[in-house]
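Q: One structure coming up, written as structure tokens, with questions to follow.
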Amino acid sequence: MSTATLDAKGLNCPMPIVKTKKAMKDLEGGDILTVEATDPGSVKDMEAFCRMTGNELVDSSEAEGIYIYQIKKS
């Protein structure tokens, strides 16, 4: 299992999801992608993305305007 980080800070919808989708393609099943974003709309977007793709949203948090998601590739 490996981990990767995606910096999507400063990007607005739909770019955080577009970049997340692209980054997930390079991962193996079980790998974790950590995404950092500043777009408040990314909260619902990441939940929907994981539901639609079958990937697991392991953790979602927010600190000082930065939203952090940990997504496990199915």
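The values are calculated or read from the model by the stated rules, or taken from the named source; none is laboratory data. Please read all numbers here as calculations on a predicted model, not as lab measurements. So basically every Cβ, Gly included, is an ideal-geometry build from the backbone, and we count neighbours across all protein chains shown. Just the protein is used for accessible areas: all its heavy atoms, side chains included, with ligands, DNA and RNA removed. Shrake-Rupley method; radii C 1.70, N 1.55, O 1.52, S 1.80 Å.
Q: Show the residue pairs meeting these rules: Cβ distance below 9 Å; 6+ apart or different chains; first residue within region 50-63 and among the hydroxyl-bearing types (Ser, Thr, Tyr); second residue open to solvent by 60 Å² or more (accessible area, probe 1.4 Å) and outside any strand (DSSP E or B).
A: Matching pairs, first to second residue: THR53/LYS21; THR53/SER74; SER60/GLU47.
Q: List the pairs whose first member sits in region 1-25 and is in contact (Cβ under 8 Å) with a residue 40 or more places away in the chain and within 15 Å of SER74 (Cβ to Cβ), whose second member is open to solvent by less than 70 Å² (accessible area, probe 1.4 Å) and of a type in the set (Val, Ile, Thr), and whose Cβ atoms are under 8 Å apart, counting only residues at least 6 apart or on separate chains?
A: The qualifying pairs are THR20/VAL35; THR20/ILE71; MET24/THR53; MET24/ILE71.
Every residue, every condition in (1) open to solvent by 70 Å² or more (accessible area, probe 1.4 Å); (2) among the acidic types (Asp, Glu); (3) at pLDDT below 95, yes or no:
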residue	(1), (2), (3)
MET1	yes, no, yes
VAL35	no, no, no
SER42	no, no, no
PHE49	no, no, no
GLU62	yes, yes, no
TYR67	no, no, no
ILE71	no, no, no
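Q: What is the one condition in (1) in a helix (DSSP H, G or I); (2) open to solvent by 20 Å² or more (accessible area, probe 1.4 Å); (3) within 20 Å of MET1 (Cβ to Cβ); (4) not small (Gly, Ala, Ser) that LYS19 does not satisfy?
A: It fails just one condition, (3).
Q: Could you list, in sequence order, the residues of region 23-45 that are assigned to a helix (DSSP H, G or I) and among the small types (Gly, Ala, Ser)?
A: From region 23-45, those assigned to a helix (DSSP H, G or I) are 23-25, 42-45; that's our starting set.
Those that are assigned to a helix (DSSP H, G or I) and among the small types (Gly, Ala, Ser): ALA23, SER42.
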